[in-house]
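The structure appears right after this line, and notes come after that.
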Amino acid sequence: MRVILSGGGTGGHIYPALALSKVIKEHEPDSEFLYVGSLRGVEANIVPKTGMAFDQLEIQGFRRSLSFDNFKTLYLFLKAVNRAKKIIREFKPDVVIGTGGYVSGAVVYAAQALKIPTVIHEQNSVAGITNRFLARKATRIGLAFQAAESQFPSEKTRLVGNPRAQEVAGMQSDFSWTEIGLTDNQPTLLIFGGSQGAPAINKAVLQAMSDFNQRSYQTVIVTGPKRFDSFQTQLKELNITPQAQIKILPYIDNMPAVLAKTAAIVARAGATSLAEITALGIPSILIPSPYVTGDHQRKNAQSLVEAGAALIITEDQLSEQKLMATVDQIMLDQTVRADMAKKAAAIGEPQAGEALYRLVLDAMAE
């Protein structure tokens, strides 16, 4: 099988595509892949490390307000479509798979124009603008949340889950908290605001640091690479020294391995993060980003809350007191943690990659 994958802008679009490629490779070892990303997206830092062939298009998103910059966006899109057609003709894929982000719009649209089978995967409960644009001519559409079903043509839509869940669920983690100066015999809370960090979460954690210093459980705070120095500076200004059971990091490279040893997590409610934590059965405190299309993170989070697998704090409610009360509710009661972990695992999709692979086969057979 020859496959072009495209998705960009955030890890939430990239990791599901890479996870699917592993499933395809398991079934069809001779498969060849080409990943087409954008010039500005983080995929340029992620995909080449896997050894997968990688190409890039210059593209940008439309502004929601009236702007002359949108004329440039349209020009770049049309230019990217023409470039994508050239890439497709040269690679000769059997199928083109888009996982979201503006770059996948150009690549999948080009494939549709060339009559190549296309599959799009929507990770969120509210469909992204790119996937809504591509849906009419897509051969098949895979969904991670049932809530998104009404937003697509039902005859070619299937609930498959997020393939990142299968990849994470199958991992064997040999990570030890001793690698970062902690111990393996205490429950550990991970606070993670996404790959770039979340200012609102960092602020609440800073305000609550004196409280975290007094807790017996371990706490790992991931600030985001660009916010690490500022976080440390603010700690000094507050005259707060983190105690031995607290570690502050700019970023975690081996997140799935670390998650496997995490007792509970405070996080945004991005689709890929939720796929990972449910696959691993991790209790969560979700703080949805309010700055996303259609408030989809809150709607993503609600599915876990309704299952009893997570607690939610909206950003406008986030404070030192609210954060600590919610964290303590989980971290100071092993019975609560165990119950939430069981419920999280129950809604995980450990075979999501297989389900999406079968959907790809359906698209190719049509």
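The values are calculated or read from the model by the stated rules, or taken from the named source; none is laboratory data. Note that this is a predicted model, so its numbers are computed, not measured. Neighbour counts are summed over all protein chains in view; Cβ atoms, including those assigned to glycine, are modelled from backbone coordinates with ideal geometry. In case anyone asks, the SASA skips ligands and DNA or RNA and just uses the protein heavy atoms, side chains included. Shrake-Rupley method; radii C 1.70, N 1.55, O 1.52, S 1.80 Å.
A few remarks follow.
- Just one of the numbered conditions (1) assigned to a helix (DSSP H, G or I); (2) within 21 Å of the chain's Cα centre (by Cα) is not true of residue 109: (2).
- Count of residues meeting criterion [within 19 Å of residue 129 (Cβ to Cβ), in a helix (DSSP H, G or I) and either without any contact (Cβ under 8 Å) to a residue 12 or more places away in the chain or of a type in the set (A, V, I, L, M, F, W, C) (or both)] in segment 69-106: 13
- Candidates are the residues of segment 231-244 that are among the polar types (S, T, N, Q) and touching a helix residue (DSSP H, G or I) at 6+ places or on another chain (Cβ under 8 Å); the one that is surrounded by the fewest Cβ atoms within 10 Å (Cβ to Cβ) is 241.
- Unmet criterion (only one of (1) under 14 Å from the mean Cα position of the chain (by Cα); (2) in a loop (DSSP other than H, G, I, E, B)) for residue 262: (1)
- Residue within segment 212-230 that is in contact (Cβ under 8 Å) with a residue 12 or more places away in the chain, part of a helix (DSSP H, G or I), within 25 Å of residue 7 (Cα to Cα) and out of contact with any Lys or Arg (no Cβ under 7 Å at 6 or more places or on another chain) present: yes
- Residue that is surrounded by the fewest Cβ atoms within 10 Å (Cβ to Cβ), among those in segment 331-357 that are at pLDDT 95 or above and of a type in the set (Val, Ile, Thr): 335
- Contact map, segment 18-47: residues that are at negative phi and in a loop (DSSP other than H, G, I, E, B) paired with residues that are modelled with pLDDT of 95 or more and open to solvent by 10 Å² or more (accessible area, probe 1.4 Å), Cβ distance under 7 Å, separation 6+ or inter-chain. Pairs shown: 28/1; 31/1; 31/25; 39/56.
- Criterion applied to 313, 277 was being in contact with a strand residue (DSSP E or B) (Cβ under 9 Å, 6 or more places away or on another chain) and either farther than 30 Å from residue 185 by Cα or without any contact (Cβ under 8 Å) to a residue 60 or more places away in the chain (or both), and the one residue passing it is 313.
- Filter pass, residue 25 being basic (Lys, Arg) and modelled with pLDDT under 95: no
- Residues satisfying the stated conditions in segment 12-28, i.e. open to solvent by 10 Å² or more (accessible area, probe 1.4 Å) and closer than 15 Å to residue 128 by Cα: 12, 13
- Residue check: residue 179 meets all listed conditions (1) assigned to a helix (DSSP H, G or I); (2) touching a residue at least 12 places away in the same chain (Cβ under 8 Å); (3) surrounded by fewer than 16 Cβ atoms within 10 Å (Cβ to Cβ) but one, namely (2).
- Residue 282 satisfies every condition listed in (1) open to solvent by 40 Å² or more (accessible area, probe 1.4 Å); (2) of a type in the set (Val, Ile, Thr); (3) outside any helix (DSSP H, G or I) except (1).
- Verdict on residue 272 being among the polar types (S, T, N, Q), under 19 Å from the mean Cα position of the chain (by Cα), at pLDDT 95 or above and open to solvent by 10 Å² or more (accessible area, probe 1.4 Å): no
- Filter result (modelled with pLDDT under 95 and open to solvent by 10 Å² or more (accessible area, probe 1.4 Å)) within segment 80-119: 101, 102
- For the criterion of being closer than 18 Å to residue 195 by Cα and not in a strand (DSSP E or B), residue 304 fails.
- Flag if residue 48 is more than 25 Å from residue 142 (Cβ to Cβ) and open to solvent by 50 Å² or more (accessible area, probe 1.4 Å): yes
- Top-ranked residue of segment 138-166 - restricted to ones that are in contact with a strand residue (DSSP E or B) (Cβ under 8 Å, 6 or more places away or on another chain) and charged (D, E, K, R), ranked as least open to solvent (accessible area, probe 1.4 Å): 156
- Complete set of residues in segment 113-126 that are touching a residue at least 60 places away in the same chain (Cβ under 8 Å) and out of contact with any Asp or Glu (no Cβ under 8 Å at 6 or more places or on another chain): 118, 119, 121, 123, 124, 125
A quick yes/no check of all residues on (1) farther than 30 Å from residue 160 by Cβ; (2) under 21 Å from the mean Cα position of the chain (by Cα); (3) part of a helix (DSSP H, G or I):
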{"residue": "321", "(1), (2), (3)": "yes, no, yes"}
{"residue": "324", "(1), (2), (3)": "yes, no, yes"}
{"residue": "339", "(1), (2), (3)": "no, no, yes"}
{"residue": "345", "(1), (2), (3)": "no, yes, yes"}
{"residue": "350", "(1), (2), (3)": "no, yes, no"}
{"residue": "358", "(1), (2), (3)": "no, no, yes"}
